[in-house]
Amino acid sequence: MSRTAPRPVTAVAACAAALALTLAATGPAAATVRSDPNGRHTATEIHHFLTGFYGQHGPTPYRRSHQVSAYLKDRAAHTDGYDLLLCAQNTPRSITIGKVTTAQSAGVGWATVTTHWDGGTRRTFTAYVGLDSHPITLQDVDCAP
């Protein structure tokens, strides 16, 4: 009597192993399921976006062109003397993004952005992202401390 598994069981096991290898190779992001049933951006997604958008020294020309709302682009174009997206005149030494808060009823998420400057000075402002913006974009900033 043979002790080998029937062919259908072997084929299923092989498919499962191949799927596991594929998921392991592509990383956990490939297996991530959106946690918001309405398709809105989550706090985690917004934090990831803002971290990438601001980077270490501020948004790149590409991000400024493609990941900023038309409203904010217009405001920035009419702001003389400083960079509205950074609420500053110069390039910071580094940038950190704080905890993201979302207001489902208002359809917006926001986080405190902290810019770090030479000499240990820090400045903060608030960055806003629309929960329903697809693709995700920076909607507004509030430079008031």
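The values are calculated or read from the model by the stated rules, or taken from the named source; none is laboratory data. As the structure is a computational prediction, the values presented were derived from the model and not from experiment. Surface accessibility is based on the protein's heavy atoms, side chains included, excluding ligands, DNA and RNA. Shrake-Rupley method; radii C 1.70, N 1.55, O 1.52, S 1.80 Å.
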Quote the convex hull volume per residue of segment 81-145, based on C-alpha atoms, as a whole number of Å³. 95 Å³
Going by a ≥ b ≥ c, the root eigenvalues of the Cα gyration tensor, does segment 45-117 fall in the rounded group (a/c under 1.5), the prolate group (a/b larger than b/c) or the oblate group? oblate
Express in nm, to one decimal, how much length is gained between ARG93 and ALA76 on full extension, taking 0.36 nm for each residue of separation and deducting their alpha carbon distance. 4.0 nm
Can you sort ASP140, ASP118 by solvent-accessible area, 1.4 Å probe, largest first? ASP118, ASP140
